[in-house]
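In what follows, a structure is listed as structure tokens, so that the remarks can point back to it.
The values are calculated or read from the model by the stated rules, or taken from the named source; none is laboratory data. On a predicted model such as this, the values are computed, not experimentally measured, just so you know. Methodologically, a virtual Cβ is constructed for each residue, glycine included, from the backbone with ideal geometry; neighbour enumeration extends over all protein chains shown. SASA here: full protein model, heavy atoms, side chains in, ligands and nucleic acids out. Shrake-Rupley method; radii C 1.70, N 1.55, O 1.52, S 1.80 Å.
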Amino acid sequence: MVRESNRRVTVAVVVLAVFMTNLDLWIVNVALPAMGAGFAQGGHAPSLGALSWVLNAYAIALSALLVVAGRAADRIGQRQVFLAGVVVFTVASVACALAPNLPVLVIARIVQAVGAAAQLPSSLSLMLAVVPPARRTGATRGWAAVGGLAAAAGPVLGGLLVEIDWRWVFVVNLPIGIGTLIAGARVLPRPTAREAGPLPDLVGAVLITASVATLTGALVQAPDWGWTSARTLGLLAVAAVTGAWFTRRCLRHPTPLLELQLLRLPRFGIANTGMFVFSVAFAIMLLSNVLWCQDVWHWSALRTGLAMVPGPALVPIVTLLSARAARRLGHGPFIIIGGLLFAAGMAWRVGSVSVTPDYVRDLLPSMLLGGTGVGFALGTLIAAGVTSLPGHRSATGSALVNSGRQIASSVGVAVLVTLIGKQIDAGSIGAFRAGWAISACLSVACALTGVVLLRPGRQPSVPAPSPEVATESVSA
């Protein structure tokens, strides 16, 4: 029997770790322009394409490692892997803060992703190990809500830290990581290892990393190199070959990195399609708003962070209020509403944007519409996908969903960078409008997946996994 005091500390440790890794997304986006200024040499700051790797290197590495880390936790021990992840993430954060140049920062961000991948899959399992069965549903919802809290706090905290120095957006992880490590070493449970089979296909992890990295690299560099240059075409060719090779290995390997055959299940495949296009749209929105406020309106990072609060603050509220109705009415209506509201927010920016700052007329309505849309759509898409699977495939399906989200984020950032090009100024309004228009169209496509999900579907029938195929990985 776990003492109540230890139970509370365990939950706090897990929540802090998940909060830290989710917070990283928001504060790094807000700090990106300041990083460019900090690394300027001879009056020339790194290009937006180069800076985008601070975001994409993390997302790509995380997407490739989530399943491997989750399986390793089941083999070695969730407690050990979780604490190792906290150490790696914290040390890498210090390396990010001390990075003397952009390449070192990007490498440190990859190491950060390794730490995040080790923490996230094991965090929920560790928490549920100390929570009574009757309270596990509420605990799971609370764990999932941490991402919403990080989204609400991240822009403001990031803005405050950048006012001191952009390096503080990484230094802030140090006390959180140390506190989590000390408390976790004392109270985290020691669940026994459950897996004895081989790790997922490590070659597959290399292939998906290479495919997404070369694809985003081609998109980011094409404005400088030219779309028909040998380097751009070469990267696109490598992306296509490694992507096809990865898909073939996933379909044929006895322990694939991602069980892509699950996408053949109609409702799961449709929900994942909706999640992917919505995640691309969200990534475009997030980075474009940061860049617009700081580089076109010339707002400070703090003012930008405060301006962005209304949208993410609405997400957990709308998600909570709509959860019960979604269970009663089905997932489809809420995916439709969420996708259309987010599209309306992006369309509002296309029609109302001006190089003259006007927050109430321009950005605020878009943030309110977009935040409400995310609240309706995001959690519902995840639920629609995972609940369409039988119980013995839910963790595996969750790994596929979350890896896809990270890949989609990288694609969204790369698309925006491609549209904007090398320099952001008042003349970039057409490029930003194109980005918001693409985001709106993708959100409408997400809403269409909700239309498909309005039709009732049968519970899929898939065989139970063998011990060497079973994979567990859950990510915020």
statement: Note on region 415-437: residues within 19 Å of the chain's Cα centre (by Cα) and farther than 21 Å from Trp299 by Cβ are Val415
field: Which listed residue is touching a Gly at 6+ places or on another chain (Cβ under 9 Å), over 30 Å from Thr356 (Cα atoms) and either assigned to a helix (DSSP H, G or I) or open to solvent by 20 Å² or more (accessible area, probe 1.4 Å) (or both), from Thr232, Thr247
entry: Thr232
message: Of the conditions (1) buried (at least 21 other Cβ atoms within 10 Å of the Cβ); (2) at pLDDT 90 or above, Ala437 satisfies every one except a single condition; which number is it?
response: (1)
query: Any residue at all in region 220-231 that is basic (Lys, Arg) and in contact (Cβ under 8 Å) with a residue 40 or more places away in the chain?
result: no
query: Which one of Ala313, Ala325, Ala283, Ala344 is under 23 Å from the mean Cα position of the chain (by Cα) and at pLDDT below 90?
result: Ala313
message: It is to be established whether one or more residues within region 35-43 are closer than 30 Å to Pro223 by Cβ, modelled with pLDDT of 90 or more and open to solvent by 30 Å² or more (accessible area, probe 1.4 Å).
response: yes
query: Quick one: how many residues across region 400-417 are out of contact with any Phe, Trp or Tyr (no Cβ under 9 Å at 6 or more places or on another chain) and either open to solvent by 30 Å² or more (accessible area, probe 1.4 Å) or at pLDDT 95 or above (or both)?
result: 1
message: Out of everything in region 250-273 that is assigned to a helix (DSSP H, G or I) and β-branched (Val, Ile, Thr), what residue ends up being most open to solvent (accessible area, probe 1.4 Å)?
response: Thr273
- prompt: What about Val106, is it open to solvent by 10 Å² or more (accessible area, probe 1.4 Å), in contact with a Phe, Trp or Tyr (Cβ under 6 Å, 6 or more places away or on another chain) and among the hydrophobic types (A, V, I, L, M, F, W, C)?
  reply: yes
- prompt: Which one of these does Ala61 not meet: (1) crowded, with 20+ Cβ neighbours inside 10 Å; (2) not in a helix (DSSP H, G or I)?
  reply: (2)
message: Condition (residue is open to solvent by less than 10 Å² (accessible area, probe 1.4 Å), in contact with a His (Cβ under 8 Å, 6 or more places away or on another chain) and modelled with pLDDT of 90 or more) applied to region 198-216: is it met by at least one residue?
response: yes
message: Going by what's in this entry, would Ala144 be described as more than 16 Å from Ala17 (Cβ to Cβ), modelled with pLDDT under 75, open to solvent by 50 Å² or more (accessible area, probe 1.4 Å) and among the small types (Gly, Ala, Ser)?
response: no
